[in-house]
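Have a look at the structure below before the remarks.
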Amino acid sequence: MSNIRKAFENGKAFIPFITCGDPDLKTTEAAVRIMAERGADLIELGIPFSDPTAEGPVIQEANLRALTGGIKTDHIFDMVRSLRKDLTIPMVFMTYANVVFSYGAEKFISTCQEIGIDGLILPDLPYEEKEEFLPLCHQYDVNLISLIAPTSEDRISMIAREAEGFLYIVSSLGVTGTRSKITTDLESIIKVVRENTDIPCAIGFGISTPEQAQKMAGISDGAIVGSAIIKLLAKYGEKAPEYIGEYTESMKKGVMER
């Protein structure tokens with residue numbers, strides 16, 4: 001069984017995202033540990049990129065802060081090695097295709113296997129071009145996680161049938177960021193997904209409150225949250241992990257409530 005599947009074994013999953021190296025890797029590692037301790041089921045680790053096209057201003061600024069601080073992909077790999085000494089929680093990288101290409105695709109993906117990264121999310125990789133990475137992901141047992149957006153339309157069933165790990169359902173058009181209301185007809189999208197795969201699906205983009213998480217988990221298998229966590233890092237810096245732990249606990253409670 002894919003380690004990612006374990007995130008969905010005990011009910012609805014809460015999946016937090018964090019940009020690695022914002023404000024520094026020591027803080028990132030502390031935040032990951034407390035999120036795992038306080039109820040996260042799977043953690044998305046963002047590898048900073050200079051042009052993160054899927055991200056809104058909050059996560060763009062986190063990328064800039066991390067890169068300005070000198071963060072490198074190898075530093076993040078070393079942090080994951082440290083985490084994996086005692087953490088078994090599923091973890092995936094979220095980054096951009098150019099990061100993988102520039103590092104060397106095989107070197108990057110084989111290192112993911114070596115350090116215990118379970119999956120890879122590349123939001124700028126079109127479904128039709130996933131063969132650039134899929135054979136290597138299969139070779140090194142790293143799930144290449146697909147995204148389904150409101151614009152996917154007649155491609156939803158095709159993407160779902162070939163999905164691995166879990167499906168990332170994008171709640172809204174546009175970039176990441178907190179939203180007061182999510183108006184997309186997600187039920188219809190998830191109905192098509194359910195008809196084509198038994199892979200779990202989780203909803204991301206725009207979720208920030210326990211109430212939103214509860215609603216999204218009610219129609220899917222979990223909720224993904226990024227910008228709200230990055231805002232805590234921007235506000236509290238090195239002291240943020242304590243606040244992130246409290247937030248994680250409240251969001252996990254939200255996805256589990258019925």
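Nothing in this text is a laboratory measurement; each read-out follows from the coordinates by a stated rule. Please read these numbers as outputs of a predicted model, since none were measured by experiment. Virtual Cβ from ideal backbone geometry, glycine too; neighbours counted across all protein chains shown.
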Q: Among Leu233, Leu134, rank each residue by its count of other Cβ atoms within 10 Å, from fewest to most, as a rough exposure measure.
A: Leu134, Leu233
Q.
Please rank Thr19, Thr68, Thr27, Thr197, fewest neighbouring Cβ atoms within 10 Å first, as an exposure proxy.
A. Thr68, Thr197, Thr27, Thr19
**Q.** Neighbour-count order for Cys20, Cys137, fewest beta carbons within 10 angstrom listed first
**A.** Cys137, Cys20
Q. Label points 7 Å out from Cα along the Cβ direction at Ser50 and Asp124: separation in nm?
A. 1.1 nm
Q) How long are the semi-axes of the ellipsoid equivalent to the chain, from square roots of 5 times the Cα gyration tensor eigenvalues, in whole Å, largest first? A) 24, 22, 17
Q) Say the cut-off is 32 Å between C-alpha atoms; which of Lys72/Lys191; Lys72/Lys231; Lys130/Lys191 go over it? A) Lys72/Lys191
Q) So how far apart, in nm, are the two label points at Lys26 and Lys191 if each is 7 Å from Cα heading toward Cβ? A) 5.3 nm
